Amino acid sequence: MALLDETGSTPVSSPERAQGRWTQWFGQIPAWGWLLAAFMLCLPLFASNFVIYQIFGWAMILGMIALSLMFLAGYGGMVSLVQMSVAACAGYMVAILGNSAATEISLGWPWWLNIPVAILIAMAFGTISGALAVRTEGIYTIMITLAIASAFFYFTRQNYVIFNGFSGFNSLEPPRLFGVDWRQAVPFYYLTLFWATLSYLAVWYVSRSPFGLALQGIRDNPRRMSALGFNITAHRIAAYTFAAFFAAIAGILLSWLNGQISPGTAGVGPVIDILIIAVVGGLKRPIGPFIGALVYVLLRTFALDVLVSLGLDGQRFQLLIGLGFLLIVFFSPDGLLGLWERWKSHMAKSESGLAPMHDGDA
Amino acid sequence: MIRFYERHPIWSLVILIAVIFLVWLVFSPWPPGFVDVFGRKKIFLNALFNGITLGGLYFLVASGFTLIFGLMRNVNLAHGSLYLLGGYIGYEIADWTGSWLLSFIIAFLAVAAVGVILQVVVFRRMEGEDLRQTLVTIGISIVIADLMLWIWGGDFYQILTPEWLSGPVMLPLVTAVKSSGETVYLKYPTVRLVILLGAVVIGVGMWLLLNRTRIGMLVRAGVDDRDMLSATGVRIQLVFVAVFAFGAGLAGLAGVVGGTFQSLAPGEDTRFLLASLVVVIVGGMGSIPGAALGAVIIGLAEQFGSVYMPTYSVVLTFLIMVLVLAFRPQGLLSMR
């Protein structure tokens, strides 16, 4: 199996790398990329604050956390359920080291100290969980990371000295920088957009870097990669560290979005939700998790109204999400993106009359 | 046993001393200085017995999980939902007919039937696709959880213990000696002892079934090499369906047990799913003795944890899991 099979576009050819690097970079962005960028940048002009803050802001944050899962699962072959806990860990650290309503716990460090330290601690947590999880393979990884995630949940719920137990921390606010109140909808939207784009590009870049290629090689055939002299364990743990980085950023943004963080943020339900988001969007491309997150947030926000307007019981939206997830997993292992691609290849096939090269997965 | 002694003489000595100390702790009245350090003996004994009975319950849930995993490599994350479903069905039957024993049988059969449907409709279609199976079972558990919430609501249910089992039984274990010289014996709920006995009987029965019968031979052969087994002409799909039904039925049975000495409510499904995950990770995937050992360890850790370090009792079980993973990633009693 070719290494780049599942990453989308063509690899960068090395000779032109030195001079035309940036033009090549821009040249690689497809038309839909420009359209999407323009749409996202202009969105606050015509959308209401609710839409950009509660729908798109939330979706981008969840998308970043799901992206870190997608990176590990799609490129590394390790389905880690601990990413939501890593995010929550970063959110907790910002609350503990910075300012919150619980003044007897929060240390009140300035933002330029507490945010980097929070990210570092969350990355350390992600790395340690990864180091435990990579001792096992495949399906065991899911179980072990699920167990670690629930241990984190129970620990934060029981610990009152550091994590303030059941109630968690309230009134978390982003720092006022450059005279902008980042709590407002529009600045917060652009802040999230910036970090979401950055993490998307980072994953996109890393997946083509030597490290990312080695990781995909390890996913496809660990034994051969190990025979070639790659340190499998180190690569896998490094992947966890990298994925923890933007999960941590997303966690901080999430705690600012909600203004609070509590054990429920990383309960078993949300942990599974992140997996659902990533799978529904598709685990093969970094854009998948964002699509999944948008679908999830839209369902979460409007399913109740839709169900009620159809004359059904509004309480059953969890059933709707579960059934939708089941259908997608049942019929399309690659999520919504997989459905879209299959439809596209189907159209191409019927147009040309000739069967093109098939993807291989039916 | 002798081979273990020959290979690890020092460890055997340590284990022997620990066992003797434990027996002494259980059977003799404690000297006063001891009570100051460890608290009253009654609390210790209660935690011990609760831990072992809880371990029995965990064993019932986890053995089905580990059996299904061992044979088919299916990680059935809907196992907790099957547990809760069995509990609710058992409650309805016990409520309707008033027969506690009947509720076990019906719950076992009903949940086993659900297991058959799961195996035929879901798992057979996705053989060998680990991740997809896991994801589908997550979806199923969400759907079942919401359906159960729809039908039974968010209330707590408890299955009533029958007359002949309610009330405590006197055990010949001294908890304390009063100043008047009168000895006090431990009282313990009969139903819990009966359930523990039932779990032990089921465990031993399962071991005999697996190791002494033809069906057990097929299952063991399937665990080792299922392609080879089907090549010899065994209709392996039938074995799969039977094992899946049995494992699911055990979860349903455990639901009735759990509904009797604890309670049934939404959220119990994930709790027991996590418990069985931890149990099989500690004990070793796919191993029935491993599930028994893991269940007792986790049950004891939970109960002793809640007595001696109340805040972190849940964390203690995960700590055990992490330690096992760090030093013996394949589990304590795993073959591989």
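Numerical summary
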quantity	calculated
Any chance A:LYS349 is modelled with pLDDT under 75, surrounded by fewer than 19 Cβ atoms within 10 Å (Cβ to Cβ) and in a helix (DSSP H, G or I)	yes
Pairs with Cβ under 8 Å, 6+ apart, first in region B:212-224 and closer than 16 Å to B:GLY286 by Cβ, second in a helix (DSSP H, G or I) and of a type outside the set (A, V, I, L, M, F, W, C)	B:ARG220/B:ASN211; B:VAL223/B:GLY70
Matching entry among B:LEU135, B:LEU147 (being assigned to a helix (DSSP H, G or I), within 12 Å of another protein chain (Cβ to nearest Cβ), without any contact (Cβ under 8 Å) to a residue 60 or more places away in the chain and surrounded by fewer than 19 Cβ atoms within 10 Å (Cβ to Cβ))	B:LEU147
Condition check for B:VAL219: in contact with a Leu (Cβ under 7 Å, 6 or more places away or on another chain) and part of a loop (DSSP other than H, G, I, E, B)	no
Region B:295-336, subset over 20 Å from B:LEU57 (Cβ atoms) and of a type in the set (D, E, K, R), residue farthest from the other protein chains (Cβ to nearest Cβ)	B:ARG336
A:ASN159 among the polar types (S, T, N, Q) and more than 14 Å from chain B (Cβ to nearest Cβ)	no
Lone unmet requirement of (1) within 14 Å of chain A (Cβ to nearest Cβ); (2) part of a helix (DSSP H, G or I); (3) in contact (Cβ under 8 Å) with a residue 24 or more places away in the chain for B:LEU57	(1)
Subset of region A:199-211 [in contact (Cβ under 8 Å) with a residue 12 or more places away in the chain and within 20 Å of A:ALA248 (Cα to Cα)]	A:SER199, A:TYR200, A:ALA202, A:VAL203, A:TRP204, A:VAL206, A:SER207
Conditions (1) under 26 Å from B:LEU274 (Cβ atoms); (2) within 14 Å of chain B (Cβ to nearest Cβ); (3) part of a helix (DSSP H, G or I): number failed by A:ALA293	(2)
Positions within region A:71-116 being surrounded by fewer than 24 Cβ atoms within 10 Å (Cβ to Cβ) and within 14 Å of another protein chain (Cβ to nearest Cβ), in sequence order	A:GLY77
Breaking point among (1) among the hydrophobic types (A, V, I, L, M, F, W, C); (2) over 21 Å from the mean Cα position of the chain (by Cα); (3) modelled with pLDDT of 80 or more, for A:PHE163	(3)
Flag for A:PHE152 being within 14 Å of chain B (Cβ to nearest Cβ), crowded, with 21+ Cβ neighbours inside 10 Å and in a loop (DSSP other than H, G, I, E, B)	no
Answer from A:LEU198, A:LEU177, A:LEU172 - the residue that is buried (at least 19 other Cβ atoms within 10 Å of the Cβ) and closer than 29 Å to A:ALA47 by Cα	A:LEU172
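The values are calculated or read from the model by the stated rules, or taken from the named source; none is laboratory data. The structure displayed is predicted, hence computed values, not measured ones. Because the Cβ atoms are built from the backbone with ideal geometry, glycine has one as well, and the counts that use them run over all protein chains shown.
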